[in-house]
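The values are calculated or read from the model by the stated rules, or taken from the named source; none is laboratory data. This structure is a prediction, so every number in the text was calculated from the model and none was measured. No Cβ is skipped: glycine too gets one built from the backbone with ideal geometry, and neighbour counts run over all protein chains shown. These accessible areas exclude ligands, DNA and RNA; they are computed on the full protein's heavy atoms, side chains included. Shrake-Rupley method; radii C 1.70, N 1.55, O 1.52, S 1.80 Å.
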Amino acid sequence: MTDSKYFTTTKKGEIFELKSELQSEKREKKKEAVKKVIASMTVGKDVSALFPDVVNCIQTDNLELKKLVYLYLMNYAKSQPDMAILAVNTFVKDCEDSNPLIRALAVRTMGCIRVDKIIDYLCQPLRNCLKDEDPYVRKTAAVCVAKLYDINAQLVEDQGFLDLLRDMLSDSNPMVVANAVAAISEILESSPTAQQVLEMNASTINKLLTALNECTEWGQVFILDAISNYTPKDDKEAQSICERVTPRLAHANAAVVLSAVKVIMKFMEMLDATSEYVLTLVKKLAPPLVTLLSAEAEIQYVALRNINLIVQKRSDILKNEMKVFFVKYNDPIYVKLEKLDIMIRLTSQANIAQVLAELKEYATEVDVDFVRKSVRAIGRCAIKVEPAAEKCVSTLLDLIQTKVNYVVQEAIVVIKDIFRKYPNKYESIIATLCENLDTLDEPEARASMIWIIGEYAERIDNADELLESFLEGFQDENSQVQLQLLTAIVKLFLKRPTDTQELVQQVLSLATQDSDNPDLRDRGYIYWRLLSTDPAAAKEVVLAEKPLISEETDLIEPTLLDELICHISSLASVYHKPPNSFVEGRQGGLRRVLPPKSSSYRKHTRR
């Protein structure tokens with residue numbers, strides 16, 4: 001019979017029955033009763049009244065029963081601190097048991113009972129367990145130090161547990177080393193003051209690298225993360241660490257691979273970018289990242305978010321791997337959108353024809369969000385790769401001819417940006433754009449079209465009629481459209497003052513007298529005063545030549561990118577935000593930065 005029977009009882013007087021069963025002399029009956037108590041606790045029933053009776057069951061040689069009682073203790077010790085003291089003697093005794101599993105169980109439970117009153121009693125047992133002959137007990141005790149530090153940091157420092165923890169980095173057992181590293185990392189995250197005691201040095205890093213080969217995969221992740229927080233003294237040490245970490249790139253676990261990538265990405269900063277070794281490293285980084293994209297969709301997404309950062313820092317790593325980012329028909333939408341973003345980042349003159357053919361294909365898909373982003377991507381390609389701009393514009397015109405509403409609207413938005421990047425080059429297509437005026441219903445598309453009409457009013461014979469048609473529903477328009485319409489009509493007036501005077505007066509009146517939007521009113525008043533006092537100055541201000549837009553407007557700001565590279569394989573690299581923006585209590589945390597170029601490399605480059 002399965003354990004489900006423990007969850008089916010709904011009898012009244014159940015607590016009383018359980019109490020008598022817990023006091024039974026028969027071991028089996030007692031064990032069954034504790035299982036029922038744990039089952040009730042699991043489904044949310046309050047069984048704290050049974051605390052003394054459950055604690056009495058702790059005096060047993062049966063490991064299963066002891067585990068259950070300890071589980072109960074962890075759950076209720078905080079609400080019954082006075083009763084929890086009753087269990088202290090048992091902890092102390094169990095920490096000296098001949099069975100290492102019981103010693104480890106006792107020290108693990110001690111760490112989970114967050115009750116100040118009993119912490120002092122637990123220091124000596126914990127000290128003994130940290131020096132235990134069995135590695136399983138030592139590795140459990142290492143984690144317990146981090147938990148105890150969270151409850152009472154001062155006590156842990158006074159009792160010298162941090163020194164003991166640091167000494168465990170030299171332990172002969174790799175799992176003990178991994179847990180000691182995990183505990184140290186957690187302590188340093190919450191308290192930079194422990195930095196002096198737990199600071200890593202070259203000999204410690206050497207020990208960690210030795211343990212790396214024999215650890216479990218999660219042990220390897222902890223060790224690699226700790227190594228990534230270390231700053232080597234020079235480029236030779238950085239290169240040596242990279243050489244010893246590189247084999248981890250072939251690991252089957254995605255977390256190990258990304259942690260190894262993080263270490264290498266950080267330490268490559270210290271090496272001469274033109275050296276043979278760095279070029280070899282760059283070649284070695286591509287295959288593991290590509291392999292991650294054949295995993296399940298969730299891992300793919302995490303990998304893609306990290307790759308997005310890596311490509312922004314070092315696009316040469318994946319410059320020849322464009323094809324793996326082409327979208328598959330059965331990719332989830334979140335993977336498709338991320339792949340599209342990376343495709344644009346990797347686009348160059350060498351692969352633009354291939355990319356454009358793909359994007360044109362994507363623009364005929366059924367998923368509206370994906371199609372919109374694909375159309376926008378074609379515009380980004382035009383801005384990024386100048387020789388391909390003409391091809392991109394003709395592709396966008398083909399898409400406009402499909403007359404699919406959302407495709408047309410996105411195309412107009414990106415064509416506005418293309419006009420900004422290449423003035424006086426593609427204006428011949430304006431007539432085609434004007435044909436689709438009536439179908440535009442999205443604010444961004446309407447605002448873009450109005451901008452185009454205002455900017456090129458002298459080339460559009462019926463510009464005044466077109467802008468007047470927008471003016472009819474001025475009050476119902478989005479504020480973005482209203483602001484753009486105001487500016488476009490003022491531009492038109494400055495270019496053709498004789499036949500548009502009425503129109504400009506109408507829009508200025510609507511903006512200044514009938515609008516509640518302060519931005520719109522202010523802009524209206526500024527234009528009115530400019531036009532009435534000095535039309536020549538107005539011309540210089542409103543019709544001034546605009547700066548060309550840059551090719552990549554969505555790149556992450558360099559200092560933030562450097563910080564995020566230090567957080568590869570963590571949530572920060574998925575959110576593309578530093579940890580202190582989404583983790584509570586991290587406001588004062590240490591900000592991670594990439595290591596500086598080594599002095600020997602700097603000397604070499606000066607020569």
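Per-residue HN-Hα couplings for region 203-218, Karplus 6.51 cos²θ - 1.76 cosθ + 1.60 at θ = phi - 60°, whole Hz, x for Gly and Pro?
6, 5, 4, 4, 5, 5, 5, 5, 5, 3, 5, 10, 7, 5, 4, 6
Quick one: which of 557-563, 138-144, 212-218 comes out on top by average Cβ neighbours within 10 Å, and what's the full order, highest first?
Output ranking for 557-563, 138-144, 212-218: 138-144, 212-218, 557-563.
Can you tell me the Rg and Dmax of region 125-167, counting just the alpha carbons, in angstroms?
Gyration radius and largest Cα-Cα distance of region 125-167: 9.7, 28 Å.
By its C-alpha gyration tensor, with a ≥ b ≥ c as the square roots of the eigenvalues, how is region 442-553 shaped: rounded for a/c under 1.5, else prolate for a/b larger than b/c, else oblate?
Taking the square roots of the gyration eigenvalues as a ≥ b ≥ c, region 442-553 is rounded.
With an 8 Å Cα cut-off and a minimum separation of 6 or more residues, compute the relative contact order for region 55-140 in percent.
The value is 28 percent.
What does the helix-only formula give at 222 nm for the chain: each DSSP H stretch with n ≥ 4 adding -39500 (n - 2.57), the total divided by the residues, and the result rounded to the nearest 500 deg cm²/dmol?
-20000 deg cm²/dmol
Which whole-number value in Å² is the accessible area per residue of region 76-134, probe 1.4 Å?
In whole numbers, region 76-134 has 48 Å² accessible per residue.
Can you tell which of Val368, Gln312, Pro497 lies farthest toward the positive end of the dipole of the chain, using +1 and -1 charges on the Cβ of basic and acidic side chains (Lys, Arg; Asp, Glu)?
Gln312
Against the longest alpha carbon principal axis of the chain, how many degrees, from 0 to 90 and to the nearest 10, is the axis of helix 479-495 turned?
Roughly 30 degrees between the two axes.
Which whole-number percent is the relative contact order of the chain (Cα, under 8 Å, 6+ apart)?
Relative contact order here is 9 percent.
State the answer as a single residue: which of Ile378, Tyr525, Pro125 lies farthest towards the positive end of the charge dipole of the chain, with beta carbon charges of +1 for Lys and Arg and -1 for Asp and Glu, about the Cα centre.
Of the listed residues, the answer is Pro125.
How would you classify the chain from its alpha-carbon gyration tensor, with a ≥ b ≥ c the square roots of the eigenvalues: rounded for a/c under 1.5, else prolate if a/b is greater than b/c, otherwise oblate?
In terms of gyration-tensor shape, prolate.
With angles folded into 0 to 90 degrees, how steeply does helix 276-292 sit against the dominant principal axis of the chain? Use alpha carbons for both and round to 10.
Helix 276-292 and the main axis of the chain meet at about 80 degrees.
Placing +1 at every Lys and Arg Cβ and -1 at every Asp and Glu Cβ, with all other atoms neutral, what dipole size does region 228-290 have around its Cα centre, in debye to the nearest 20?
Rounded to the nearest 20 debye, it is 280 debye.
Could you name the aspartates and glutamates in cross-link range of Lys30, using Cα to Cα under 16 Å and dropping any fewer than eight places away on the same chain?
Once the sequence-local aspartates and glutamates are set aside, what remains near Lys30 is Asp3, Glu14, Glu17, Glu21, Asp53, Asp61, Glu64.
First compute the accessible area of the chain with a 1.4 Å probe, then give the percent of it belonging to carbon and sulfur atoms.
Carbon and sulfur together cover 50 percent of it.
Kindly state, to the nearest 0.05, the FRET efficiency for Asp234 paired with Gln124, given R0 = 30 Å and r defined as their beta-carbon distance.
It comes out at approximately 0.10.
Just list whichever of Lys262/Lys421; Lys207/Lys319; Lys93/Lys139 have alpha carbons separated by over 29 Å in the model shown.
Those over the limit are Lys262/Lys421; Lys207/Lys319.
Taking the mean number of other Cβ atoms within 10 Å as a proxy for protection, how do you rank 456-468, 257-269, 102-114 from highest to lowest?
Averaged packing, sorted descending, gives the order 257-269, 102-114, 456-468.
Output the Cα-based Rg and Dmax of region 360-495 in Å, rounding Rg to one decimal and Dmax to a whole number.
According to the Cα coordinates of region 360-495, Rg and Dmax are 14.5, 44 Å.
Determine, for each peptide in 75-85, 528-538, 564-574, the mean count of other beta carbons within 10 angstrom over its residues, then list the peptides with the highest first.
Ranking the peptides 75-85, 528-538, 564-574 by packing returns 564-574, 75-85, 528-538.
Residue-wise, which Karplus ³J(HN,Hα) couplings in Hz belong to region 41-58, taking 6.51 cos²θ - 1.76 cosθ + 1.60, θ = phi - 60°, and x for glycine or proline?
Result, ordered by residue: 4, 5, 8, x, 6, 8, 10, 5, 5, 8, 3, x, 5, 5, 4, 4, 6, 5 Hz.
For region 442-553, with every protein chain kept in place, what is the accessible area per residue (1.4 Å probe, Å²)?
Result: 52 Å² per residue.
Can you give the angle from 0 to 90° between the axis of helix 352-362 and the longest principal axis of the chain, with both taken from C-alpha atoms, to the nearest 10?
Long axis of 352-362 versus the principal axis of the chain: about 80 degrees.
Using +1 on the beta carbon of Lys and Arg, -1 on that of Asp and Glu, and nothing else charged, what's the dipole of the chain about the Cα centre, debye to 20?
Computed charge dipole of the chain: roughly 2160 debye.
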